[in-house]
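Each remark here refers to the structure printed beneath this line.
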Amino acid sequence: MINRIWFMESFSSQRDIILAVKDFAKKNHVKIEVFASHRENRKEILSTADFSIIEPSEETQRLSFITKVITQYKIDVLYVVKNTLWYEQHRHEIEATGVTLITGASNIDLLKLSNNKMDFALFMEQQQLPVVPSILIDNVEELQKNIAHPPFDKLCIKPVHGIYGMGFWRFENNISPFRILSNPEERGIRPDIFLQLYATLEQPTPMVLMPYLYSPESSVDIFASKGEVLCAIAREKHGSKQIIRNEGVAFELACRCASAMQADGLVNVQTRNDKDGQPLLLEINMRPSGGIGNTLHSGVNLPGLMAMYHLKLLNKTQVQALYKQHFKYAEVISTSSVIQYPNNLTNLITI
């Protein structure tokens, strides 16, 4: 019997996850078939799977497309990362086909909450978990008041909704106003310039004002099942170098956060330390991180363990035993690499 798992359109780590799952299956002599799909013809991603599919661009076609693929190819596990709220809203219809649906969450209300940085901070406070203090900014007057009387030593601001650090800025009083054009990658802006730009919005974007923390960031990749953390790997970032570990206060805090959020699948929790060296929660992404491929250098294959668990080829005890057996401390650094772009997709199937 061949087990089948389908990875639908994801972010940049979709290729790494597919390769990791296939490598795990090969090394452990497990027969699985991996399906991959995307709305765009992303050959560098789709070519890694056993079978590839182009997804419909219209949301109205999504449910019929999914059920047709699952039924026709007898898919056992459907793993999704994008549009997860839609999938949760249609979980009953999707799972009626017999497939196991994994969205990163097991509670639709907590999934919604994870996409709102302000609501997430308030919920973590309710759970008595240390989180970066946050102030909601949704109008010019509120921003002006907090700039005039800063609530924290160093200020930073970012949208309530967003990924990949988009819209994040540090407030710096003593830099050139031109810095946002000459060095935008430094993410520094004078607060009065930000205020002027914010005031031009017809409908102010809800923002979160926070203290800026200079400490190294800890990014913890977690495999959880309905709120139970089965294994996790922390990557402590020091510039371009990352230290990979599976212990420490930040690591434990991230795991507690994933449990409180009832995570289900591969998720990522980020922390930074306060001035006393204590970690504070920044955010949780109910999806794999862009750097999850780096965790393979720990000797543990998180995507592989996740896939085998949901395909019912490994149980919880076996997953945790393999994690403990193979984990090793590592230090890694990103380097540039190039792959040849496929001319065509020999694994493409038509739906």
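Couple of notes before you dig in:
- With both residues required to sit in the chain, DSSP beta bridges show an antiparallel share near 70%.
- With 10 Å bins from 0: P(r) over region 24-147, alpha-carbon pairs, percent: 10, 30, 26, 19, 12, 3, 0
- For region 278-346, alpha-carbon Rg relative to the globular expectation (2.2 N^0.38 Å, N residues): 1.46
- Measuring nothing but alpha carbons in the chain and taking Rh as the Kirkwood radius, the Rg to Rh ratio lands at 0.99.
- Region 175-223: chymotrypsin sites (Phe, Trp or Tyr not before Pro) in DSSP loop, at most 10 other beta carbons within 10 Å: F178, Y214
- Remark on region 156-315: hydrodynamic radius 17.5 angstrom, per the Kirkwood mean of 1/r across alpha carbon pairs.
- Filter on K145/K241; K241/K328; K145/K237; K145/K275 - keep pairs with C-alpha separation over 28 Å: K145/K241; K145/K237
- Mean projection area, nm², convex hull over Cα of region 51-90: 3.1 nm²
- Average Cα contact separation per residue, region 50-106, under 8 Å, 6 or more apart, as relative contact order %: 35 percent
- Length-normalised contact order for region 1-42 - Cα pairs under 8 Å, 6+ apart - percent: 62 percent
- Surface per residue (accessible, 1.4 Å probe) for the chain, Å²: 49 Å²
- The GluC sites (Glu not before Pro) of region 186-267 meeting both criteria, a DSSP state outside H, G, I, E and B (loop) and at most 13 other C-beta atoms within 10 angstrom of the site's C-beta, are E202, E247.
- Note, ³J(HN,Hα) from phi for region 64-75, Karplus 6.51, -1.76, 1.60, rounded to Hz, x at Gly and Pro: 5, 4, 5, 5, 5, 5, 4, 5, 5, 10, 6, 6
- Whole-number percent relative contact order across the chain, with pairs defined as alpha carbons under 8 Å at least 6 apart: 20 percent
- Over 22 Å [Cα-Cα, region 1-94], rounded percent: 26 percent
- Values of log10 I(q)/I(0) for region 157-208 across q = 0.13, 0.15, 0.18, 0.32 Å⁻¹ run -0.31, -0.41, -0.59, -1.30, by the Debye formula with one identical scatterer at each alpha carbon and no solvent.
- Largest-first principal axis extents of the Cα set of region 220-286 (Å): 33, 22, 19
- Cα convex hull, region 111-236: 134 Å³ per residue, rounded to a whole number.
- Cα-based helix-to-principal-axis angle, 14-27 vs the chain, degrees rounded to 10: 40 degrees
- Radius of gyration and Dmax over the Cα atoms of region 121-186, both given in Å: 14.0, 42
- Evaluating kT/(6 pi eta Rh) at 4 °C and 1.567 mPa s, with the Kirkwood radius of region 176-268 over Cα pairs in the Stokes-Einstein relation, gives 80 µm² s⁻¹.
- The figure for W169 is an accessible area of roughly 40 square angstrom, using a 1.4 Å probe on the protein chains alone.
The values are calculated or read from the model by the stated rules, or taken from the named source; none is laboratory data. Source: prediction; values computed, not measured. Methodologically, a virtual Cβ is constructed for each residue, glycine included, from the backbone with ideal geometry; neighbour enumeration extends over all protein chains shown. With ligands, DNA and RNA removed, areas are computed over all heavy atoms of the protein, side chains included. Shrake-Rupley method; radii C 1.70, N 1.55, O 1.52, S 1.80 Å.
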